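Have a look at the structure below, then the notes.
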Amino acid sequence: MNNLNIAKIESANEPKRRTASKLGSTWREYKKHKFLFFLLFPVLIWYGVFHYGPLYGIQLAFKDFSPVKGIWGSPWVGMEYFKFLFYQSPDFARIFRNTILISCYNIIFGFPAPVILALLLNELRSAAFKKIAQSISYIPHFFSWVVLSGIIIIMLSPSEGPVNYLLKLMHIDPIYFLADTAYFRPTLVATGIWKEIGWGTIIYLAALSGVDPTLYEAARIDGANRWKQTWHITIPTILPVITIMFILSLGGILNAGFDQIFNLYSPAVYEVGDVIDTYVYRAGIQNFQFGLTTAVGLFKNIIGIILVLGTNFIVKKLGQEGVL
């Protein structure tokens, strides 16, 4: 065998040797830190039981479930539930439209809100005032919608609420914010921002803390004012974080906020406030249509995965970092 053939064989085997060497090195690292994996076991068990275990129930979307027969014993019905949702259900089109609209409003108005608040807090000179402002904005996040909905109902009451009292002082007729189809969606968006804007700033303030101060010093030397520093330094620096959060928010576009809507809506605003999650609650919990609600949940998850992957692909094509 001549030297040329030997060189070709060694060249062909080189990737295999590198792969084997890499695997060997990785395995040695695993053995070296094997006791650290015991810390990972509770997380793996939790995910297995509560995230992957319930996937067993997905087959309910394709079965005529009977509690007596159980999941395995119930007969298959194929795509009947999906056909009913898309072609026969008189409510699904309206519910799907409401879900998309409310979620889009939350993204359009709610997503930029914590970014703007974080930028404003970052510009504060007084550290004490900044901490007080942060604490006040965080407080609503720690209350459940059951508590907050009671506060909101009292505040927006057309007869005794302080909001409508101020409107009366300005000679404006009382507004039924939670019973008027024209005001219910804006009320949902506004109260949702109020509850979560402070908590959402934590991620962006953490990202802002990583901005190199020398960039601002160089910008000031070049004559850049605070607005130009924010536009050309601060925002581009935290843009990867904003991008990732935007991708994740699009993945949950069909989750319009069950807790909030369930505690605030009424039959008077079903036309504009009834969403997929509230429909699933009525059909599954109240009417025991488990197969139908499982089909709706599976549909939501598929749409969410498509949106996350599609947005991630577009973002990477535009030169930004994605989540995958």
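In segment 105-132, the residues that are among the small types (Gly, Ala, Ser) reach residues that are surrounded by 13 or more Cβ atoms within 10 Å (Cβ to Cβ) with C-beta atoms within less than 6 angstrom, at least six apart or across chains, in these pairs: 110/192; 110/193; 113/193; 113/197; 118/201; 118/204; 118/205. Residue 185 fulfils the conditions (1) assigned to a loop (DSSP other than H, G, I, E, B); (2) touching a Phe, Trp or Tyr at 6+ places or on another chain (Cβ under 9 Å) except for a single criterion, (1). Residue 89 meets each of the listed conditions (1) at pLDDT 90 or above; (2) under 25 Å from residue 258 (Cα atoms) apart from (1). Residue-level analysis places residue 97 among those that are under 26 Å from residue 183 (Cα atoms) and basic (Lys, Arg). Evaluation of residue 196 against the conditions (1) among the acidic types (Asp, Glu); (2) crowded, with 17+ Cβ neighbours inside 10 Å; (3) farther than 20 Å from residue 105 by Cβ shows that the sole unmet condition is (3). The lone criterion from (1) of a type outside the set (D, E, K, R); (2) under 26 Å from residue 182 (Cα atoms); (3) surrounded by 16 or more Cβ atoms within 10 Å (Cβ to Cβ) left unmet by residue 247 is number (2).
Filtering segment 263-272 to residues that are out of contact with any helix residue (DSSP H, G or I) (no Cβ under 6 Å at 6 or more places or on another chain) and not charged (D, E, K, R) leaves 266, 267, 268, 270.
None of 148, 124, 117 is of a type outside the set (Asp, Glu), surrounded by 13 or more Cβ atoms within 10 Å (Cβ to Cβ) and not in a helix (DSSP H, G or I) except 124.
If the condition is being farther than 25 Å from residue 113 by Cα, in a loop (DSSP other than H, G, I, E, B) and not small (Gly, Ala, Ser), then segment 156-182 contributes 158, 160, 170, 171, 172, 173, 174, 175, 176, 180.
One line per residue, one yes/no per condition, for (1) hydroxyl-bearing (Ser, Thr, Tyr); (2) surrounded by fewer than 16 Cβ atoms within 10 Å (Cβ to Cβ); (3) over 20 Å from residue 200 (Cβ atoms); (4) in contact with a strand residue (DSSP E or B) (Cβ under 9 Å, 6 or more places away or on another chain):
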site: 235; (1), (2), (3), (4): no, yes, no, no
site: 243; (1), (2), (3), (4): yes, no, no, no
site: 267; (1), (2), (3), (4): no, yes, yes, no
site: 272; (1), (2), (3), (4): no, no, yes, no
site: 275; (1), (2), (3), (4): no, no, yes, no
site: 279; (1), (2), (3), (4): yes, no, yes, no
site: 283; (1), (2), (3), (4): no, no, yes, no
site: 302; (1), (2), (3), (4): no, yes, yes, no
site: 309; (1), (2), (3), (4): no, yes, yes, no
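All of 243, 294, 278 fail the test of being of a type in the set (Ser, Thr, Tyr), within 14 Å of the chain's Cα centre (by Cα) and modelled with pLDDT of 85 or more, apart from 243.
Taken over segment 167-219, residues that are touching a residue at least 12 places away in the same chain (Cβ under 8 Å) and among the polar types (S, T, N, Q) amount to 4.
The values are calculated or read from the model by the stated rules, or taken from the named source; none is laboratory data. The model shown is predicted, which means the values in this text are computed figures rather than measured ones. Every residue, glycine among them, receives a Cβ derived from its backbone with ideal geometry; neighbour counts consider all protein chains shown.
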